[in-house]
Amino acid sequence: DEGKRQGGGGGALVPRLSTVSANALKNPNTRRSHNMGALQLITGGTGGLGLVTAEWLARFGSTGVVLTSRGGKVSKAAARPLVANPSTDFHVAACDAAEVAELRR
């Protein structure tokens with residue numbers, strides 16, 4: 001499939017990255033074509049950049065975001081902006097993204 005790229009070691013196919021401007025995301029057709037309403041996975045998601053990315057995804061229509069990190073914890077203060085997005089379900093999971101077995105569970 002041309003729109004996907006195989007991960008290292010012959011693993012699963014993953015979508016290719018593409019650039020989308022913030023203005024384009026205001027258009028509902030653009031959001032649909034980039035699957036913004038789908039569940040999004042952010043590895044390293046409980047750190048500063050991951051939390052900002054999660055908030056951004058929620059603002060642009062993602063219905064679900066899974067934040068993973070080795071520790072799998074988010075402080076109450078850091079979680080406040082996420083709780084302010086009631087239309088998005090956020091889940092936090094402890095997971096080492098370098099371990100295939102952990103990603104599969």
Item to check | Scan of the range 54-89 for residues that are within 10 Å of the chain's Cα centre (by Cα) and among the aliphatic types (A, V, I, L, M), ordered by number | outcome: Ala54, Leu57, Ala58, Val65, Val66, Leu67
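Considering only the range 65-95, state which residues are of a type in the set (Lys, Arg) and in contact (Cβ under 8 Å) with a residue 24 or more places away in the chain.
Arg70, Lys73
So, of the residues in the range 49-64 that are in contact (Cβ under 8 Å) with a residue 12 or more places away in the chain and among the polar types (S, T, N, Q), which turns out to be least open to solvent (accessible area, probe 1.4 Å)? Break it down stepwise before answering.
Within the range 49-64, the subset in contact (Cβ under 8 Å) with a residue 12 or more places away in the chain is 50-51, 54-55, 57-64.
Still in the running and among the polar types (S, T, N, Q): 62-63.
Values: Ser62: 2, Thr63: 75 Å².
Across the range 49-64, the extreme among qualifying residues is Ser62.
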Next on the checklist: Can you tell me which condition Pro86 does not meet? The list is (1) at pLDDT 85 or above; (2) exposed (fewer than 12 other Cβ atoms within 10 Å of the Cβ); (3) farther than 25 Å from Ala22 by Cα, and all the others hold.
Outcome noted: (3)
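The values are calculated or read from the model by the stated rules, or taken from the named source; none is laboratory data. A quick note: this is a predicted structure, and the numbers were derived from the prediction, not measured. Ideal geometry is used to build each Cβ from the backbone, glycine not excepted, and the neighbour counts take in all protein chains shown. Side chains included, ligands, DNA and RNA excluded: accessible areas come from the protein's heavy atoms. Shrake-Rupley method; radii C 1.70, N 1.55, O 1.52, S 1.80 Å.
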